[in-house]
1. In percent, how large is the relative contact order of the stretch 113-172, given Cα pairs closer than 8 Å and 6 or more residues apart?
2. Taking the Cα centre of the chain as origin and charging only Cβ (+1 Lys, Arg; -1 Asp, Glu), how large is the dipole, in debye to the nearest 20?
3. Which of 101, 117, 188 sits farthest toward the positive end of the charge dipole of the stretch 80-229, with +1 on the Cβ of Lys and Arg and -1 on the Cβ of Asp and Glu?
4. Which aspartates and glutamates, on any chain, are close to residue 102 with Cα under 17 Å apart, when same-chain ones fewer than 8 places away are left out?
5. Residues in the stretch 59-74, backbone N under 20 Å from the label point at residue 26 (7 Å along the Cα-to-beta-carbon vector): list them, ranges by number please.
6. Can you give the alpha-carbon Rg of the chain over 2.2 N^0.38 Å, where N counts its residues?
7. With a 10 Å Cβ neighbour count serving as the proxy for reagent exposure, in which order, fewest first, do 1, 303 appear?
8. Rg/Rh for the stretch 218-318: what does it come to with C-alpha atoms and Rh from Kirkwood?
Amino acid sequence: MKNILVIGANGQIGTDLVAALRQKYTPQRVIASDIKEPTRFDAHFKLLDATDKEAVRQILIDFDIDEVYLMAAILSASAEKIPDKAWEINMKVLFNALELSKEGFINKLFWPSSIAVFGPHTPRIDTPQYTVMDPNTVYGISKLAGERWIEYYNNHYDVDVRSVRYPGIISWKTLPGGGTTDYAVEIFHEALQNRHYTSFLAPHTRLPMMYMPDAIEATINIMEADKEKLRIKNSYNIAGISFTPEELATAIQQYLPDFSIDYQPDFRQAIAESWPESINDAYAFKDWHWHHKYDLDAMVRDMLQNLSNKYPKEESLLL
Ligand code: SER
């Protein structure tokens, strides 16, 4: 029986991850932590500033933690507004966890990387695992540096750190915060509430995305994979679905015919244009049998179904 700590448990991915881990393992053995109090009471929650190494160490000791999922980070759009602070936070939380792994307080660590590690000179379509990487956002630079460091720790010290490069993640439980791919979540809330969305990305901006259940499966599967089979010591490419704001709007219109969209691209457009359109995940498929399940239509249907419970009953929702 292992004890698990999720850092950044109130975030978009953390919320779903804690729920999935508690369903899979003993609920009281999955400790949720975040820098902010959760909105709902949780008996197994601890306030934690992950930039404070001694505070992290104390929780690891108090709960006899074996595995850590480090989900705390400043995302791409937010990081551009506070470059030095975002760099400091993103690197500090990672180094604290790497050092505590090296000191023997963590047996297995999950740390997510991102499609943001790629840049304008990366081949944009079917982006390979090994390719040009020239990120030009603070977030991307911190993720690429982090990838190099986890490989270094995996190779030089007796630690076990695992990682995937998340694409944009779409989910209904918790809103994302400060990312370039956030439009793909906001659009659903606006569609159900106001029948209209103004996209901050241009109509034909294609980006790699993934529905949350697939992202959670990838995360838990790589943590459960046989260590010997994991050839990639930095971070695995994982692919889901790729679509544009226009294609997503059309998919939503199938169920909400009176939904409309217009476009007012802002500074996030340049970030999106520096990232891939689609990802090649052959290594993840070979090494730990990764394959996504949700296509665009299945994701849109499930999102609308779940969110329609949150907003007043929609008579024109054709589900
Ligand atoms: N969804 C993230 C962002 O937009 C990418 O990792 O910042």
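1. Rounded, it is 39 percent for the stretch 113-172.
2. 480
3. Selected residue: 188.
4. Once the sequence-local aspartates and glutamates are set aside, what remains near residue 102 is 52, 54, 64, 66, 67, 147, 151, 158, 160.
5. Only 59-69 fall inside the zone, counting backbone N under 20 Å.
6. Working: Rg = 19.2 Å, N = 319, 2.2 N^0.38 = 19.7 Å.
Dividing the Cα Rg of the chain by 2.2 N^0.38 Å gives 0.97.
7. Ranked by crowding around the Cβ, least crowded first: 1, 303.
8. Rounded to two decimals, Rg over Rh is 1.08.
Taken together, the values in this text are just the output of simple stated rules run on the coordinates, not laboratory data. Values in this document were obtained by computation on a predicted structure and should not be read as measured data. Please note: Cβ atoms are built from the backbone with ideal geometry, for glycine as well, and neighbour counts cover all protein chains shown.
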